[in-house]
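Take a look at the structure set out below.
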Amino acid sequence: MDFGTLIAGILTLAIFTFLYRDNPIYRAAESLLIGVSIGYVLVITWTNTLMDLLFHPLFRRGDWPLVIPLLLGAMMFGRFYRRTGWLSRFPMAVLIGSGAGVAIPAMLDARTLRQISATVTPLFAGSAWADVSTIIVLAGVITTLSYFYFSREHRGALGFSSKTGTYFLMLFFGTTFGYTVMSRMSTFIGRVEFLLTDFLRLTG
Amino acid sequence: MRRKFPQLVCGLIGLLLFVVYFSRHPIASSINETVTREYWQIVFAFALLVGVVSFAKINLQGIERGEDRLYRIISLVGLISMPVLALIWGIGTGSPFMWVFDNVQVPMQSTVFALLAFFVASASLRGFRARSGPAFILLLAAMVALISRSDVGDLMSARFSDFAEWIRSNPSMSARRAILIGIGLGSLTTSLRVLLGLERTWLGKESK
Amino acid sequence: MKIESRHLAFIGLAVVVVIAMLVGGRPDLTPSADSVRMHEYIASLAPGSVVMVSFDHEASSLPEIGPLAKAFLRHAFSRGVKLVGVSLLAEGTGIGYRLMEETGREYDCEYGKDFVFLGFKPQWVAAIVAMGESISKTYPEDYLGNTYQDIPMLAGVVNYSDVAGVVSIADGSLTTHWMEYGHARYGITVSAFVAAAMVTTYDPYLASGQMHAMVGGLRGAAEYESLIGVGGSGGRAMLAQTVAHLYVIVLIILGNVVYFRSRHTGRK
């Protein structure tokens, strides 16, 4: 067994000790994980972004307009001192403004209008079963939306609609739970496979 | 000045990116590319660095106060070791940096995630009760999904898997779609409020 | 040492999964319509066409994402499709590069000619939008530090219009951004291999046509492996997956039996 597998196996078992209860071995492994993960993000951000998008073009090729994002980035560190904290609002303005600007058309078009358009589709275009599905989807979207409409008391027709929406939501949550169980089990199975095959060498 | 000017910058950049969305003109493309790459991405990268510095600062303060000293030292050693390894030997395949990633970070991180399998199992035993009609539907849908995505679904009948797929692609999907439309409209409203200067929580409190 | 009821549930899960893994076995699977659709899509790509593969996941989901990514990469490499790897999450970088390199080697594919890994760029929306305008400006250098212009297979790849499609390999919601920004704005075809937990999140996009095809979870990986006729860890794990699902179902039934019995006897 190579040294890397030995370390990976020991650390895997250290994390699994949490299943009994919180303990110093788990906490030490967890602390190491947090530190290493942040260190990894730091290195990748530095090498993959700041070097090739900022420092190389600025200092090697003399792309001087990049001084502005460099200054904005540096202003971000103003947050660490009370007196200079306000400086970080400028880079924050860039981040928030950019996000909001591109989000408006995306949210309206891709997330809302296209989903509404996909809900309202013509009937009698395929089989009878396809029509039933279309009607169920339409009913599901309308009743679920009515469940989230809180400007009126849920009584009468709205009450019936929102209650029906609850059943659609439960179908969604139930299906999602099933798939989430699958995901979590897959991850656990992956770790068991590592322990049995690479670490303990019990299976081929 | 300290609040209004950043607010103005935010509104202008947002408006600029909103306007260029509707154009394929080379100038619009150039503006779009410059703002997203030179400003948004670079500033975001600095924001990540601020997070790293903040993490180091909080841990150093904790060590000074003597709170969880050993664990904080371990975290900081982990944090420092990665850039040091990258600086000396690089980040290519076979480098010590990638060795730590492959043999320390990946196994531990996926094991932390694997712990959830146990808690899901425990929750299934202790909390997944058919107390009401909707709860019963939730339980039934979960069981149908679980069976259909295992070999048992194949053994039972092809129709069972088809039925499970139909549930997922129609009634379940419709509820998710409604949630998505709601989120879309909410995000749209929030973005508009940000650009119009009505949403100012990101500016924080005025420092005295 | 105090053992509680949750510990018994934990031990039960560990025991059934370990036994299933030791027993092994590769069951016959009937591929779902989703897997068949993805397989047909990749098979329809002309050899030599460029596809972008985005590793939008963290290290935590590697046991589930790894088999999915490998199944896709094997199919794409075997078809002669040229792959451009990127990552919207820092952790996807190391994993994505290694997966491409390992799988590429199986098919004698050469770095720079048959595949390339550009690496990570922060802020997913910004990265997707910036690449829509210019991939070379967003990635002046690849993951290994080579200049974009010096990489032979990237000659002529300016933006999404030179790419046949993007395949997002994701454990979270990042594929959403590929559809809402990459597809809606630049018209790129988006497909995805996703963790099972995200399947229902993406269903509306699949139904609306914003996502072209989707394969989910370890079961999806096993189905895809059987479709391409190459064994992998997805198929190997299916028995354990089945046993784990049945174990959870038994726990749900057991919990409800106890609940209804206690309610019936008035003890609760």
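Extents of the protein assembly as shown, largest first, come to 76, 63, 61 Å (Cα atoms, principal axes, whole angstrom). Based on the Kirkwood approach, the hydrodynamic radius assigned to the stretch B:82-186 is 18.1 Å, with every pair of different Cα atoms included. Shown here are the Rg and Dmax of the Cα trace of chain C, at 21.2, 77 Å. Our summary gives chain B a relative contact order of 21 percent, counting only alpha carbon pairs under 8 angstrom and 6 or more residues apart. In terms of overall dimensions, the stretch C:184-263 has a Cα radius of gyration and Dmax of 18.0, 59 angstrom. Using only side-chain charges placed at the Cβ, +1 for Lys and Arg and -1 for Asp and Glu, the dipole size of the protein assembly as shown relative to its Cα centre rounds to 2800 debye. Computed with every protein chain present, the accessible area of C:V243 is close to 40 Å² [probe 1.4 Å]. Counting, for every residue in A:66-72, the Cβ atoms of other protein chains within 10 Å of its Cβ and taking the mean gives 4. With Cα atoms defining each centre, the stretch A:163-204 and the stretch B:6-77 are spaced 34 Å apart in the structure.
Cα centroid separation, the stretch C:1-15 to the stretch B:149-208: 35 Å. With the whole protein complex present, C:D114 retains an accessible surface near 40 Å², based on a 1.4 Å probe. Compared with the rule-of-thumb size 2.2 N^0.38 Å for a compact globular protein, the stretch A:46-204 has a Cα radius of gyration ratio of 1.76.
Heavy atoms of the protein chains alone define the surface here; on that basis the protein assembly as shown has 41 Å² accessible area per residue at 1.4 Å probe size. Taking trypsin sites (Lys or Arg not before Pro) across the stretch A:42-127, the ones in a DSSP loop with at most 13 further Cβ atoms lying within 10 angstrom of their Cβ are A:R61, A:R82, A:R83. The H on the amide N of C:N159, modeled in the peptide plane, is under 5 Å from the matching H of C:I135, each at least 5 residues off or on a different chain. Restriction of the GluC sites (Glu not before Pro) in the stretch B:11-71 to DSSP coil positions whose beta-carbon has at most 15 other beta-carbons within 10 angstrom yields B:E67.
Can you give me the convex hull volume of the Cα atoms of the stretch C:124-229, divided per residue and expressed in Å³? Let's see the in-between values first.
On the way: hull volume 13.2 nm³, N = 106.
Hull volume over Cα atoms, normalised by residue count, gives 124 Å³.
In plain terms, the chain from B:R2 to B:L140 could stretch by 44.1 nm, reckoned as 0.36 nm per residue minus the Cα-Cα distance.
When the Cα atoms of the stretch A:122-204 are enclosed in a convex hull and the volume is divided per residue, what value in Å³ results?
Residue-normalised Cα hull volume stands at 161 Å³.
Distance between the pseudo-spin-label points of A:L113 and A:Y81 (7 Å out from Cα toward the beta carbon): 4.9 nm.
Considering every residue in C:174-182, what mean count of other chain Cβ atoms within 10 Å of its Cβ is obtained?
Working: counts 0, 0, 4, 2, 0, 4, 10, 6, 1.
Average neighbour count from other chains, rounded to a whole number: 3.
B:R200 sits with roughly 110 Å² accessible to a 1.4 Å probe, with DNA, RNA and ligands left out of the calculation. Taken over the C-alpha atoms, the stretch B:45-116 has Rg and Dmax values of 14.2, 40 angstrom. Take every pair of alpha-carbon atoms less than 8 Å apart whose residues are at least six positions apart; their mean separation over the length of chain C yields a relative contact order of 25 percent.
Starting from the alpha-carbon convex hull of the stretch B:128-208, give the projected area averaged over all orientations, in nm².
Working: hull surface 39.5 nm².
About 9.9 nm², averaged over all directions.
Orientation-averaged projection of chain B equals 21.9 nm² [convex hull of Cα atoms, one quarter of hull surface area]. Couplings 3J(HN,Hα) of the stretch A:36-46, computed from phi: 5, 4, 5, x, 5, 4, 4, 5, 5, 5, 5 Hz, in residue order, whole Hz [Karplus 6.51 cos²θ - 1.76 cosθ + 1.60, θ = phi - 60°; x for Gly and Pro]. The trypsin sites (Lys or Arg not before Pro) of the stretch B:114-163 that meet both conditions, a loop assignment by DSSP and at most 15 other Cβ atoms within 10 Å of the site Cβ, are B:R131. Pairwise Cα separations in the stretch C:1-98 fall into 10 Å bins from 0 onward with the following percentages, short to long: 12, 29, 29, 19, 8, 2, 0.
Mind checking which helices in chain C clear 18 Å along their axis (Cα) and have mean Kyte-Doolittle hydropathy of 1.6 or more, DSSP H runs only? Display every interim value, and only then the final one.
Working: long enough: C:5-23 (27 Å, 2.24); C:62-78 (23 Å, 0.44); C:90-106 (25 Å, -0.90); C:238-264 (39 Å, 1.15).
Answer set is C:5-23.
With every protein chain kept in the model, how would you rank C:I3, B:I181 by accessible area, 1.4 Å probe, largest at the top?
On the way: C:I3 90, B:I181 10 Å².
Of C:I3, B:I181, the descending order of accessible area is C:I3, B:I181.
Annotation for the stretch C:59-91 versus the stretch A:1-71: alpha-carbon center distance of 21 Å.
3J(HN,Hα) along the stretch B:167-178: 4, 5, 7, 10, x, 5, 4, 5, 5, 4, 5, 4 Hz, from the Karplus curve 6.51 cos²θ - 1.76 cosθ + 1.60 with θ = phi - 60°, whole Hz, x for Gly and Pro.
Applying the Kirkwood pairwise sum to the alpha-carbon positions of the stretch A:114-164 produces a hydrodynamic radius of 12.0 angstrom. Mean per-residue shielding of peptide B:91-102 is 5, counting Cβ atoms of other chains within 10 Å of each Cβ.
About its Cα centre, what dipole magnitude does chain C give when the only charges are +1 on Lys and Arg Cβ and -1 on Asp and Glu Cβ, stated in debye to the nearest 20? The partial results should precede the final answer.
Values: 20 positive and 24 negative charges, 268 e Å.
So the dipole magnitude of chain C works out to roughly 1280 debye.
Of the options B:I183, C:I65, C:I169, report the single residue whose Cα projects farthest towards the positive end of the charge dipole of the protein assembly as shown (beta-carbon charges: Lys, Arg +1; Asp, Glu -1). With unit charges placed on the Cβ atoms, the residue in question is B:I183.
For the stretch A:1-105, a Kirkwood radius taken over Cα pairs fed into Stokes-Einstein (4 °C, viscosity 1.567 mPa s) yields D = 73 µm²/s.
The values are calculated or read from the model by the stated rules, or taken from the named source; none is laboratory data. These numbers come from a predicted model, not from an experiment. All Cβ positions, even for glycine, are placed from backbone atoms using ideal geometry, and neighbour counts span all protein chains on display. The area values use the complete protein model at the heavy-atom level, side chains included, leaving out ligands, DNA and RNA. Shrake-Rupley method; radii C 1.70, N 1.55, O 1.52, S 1.80 Å.
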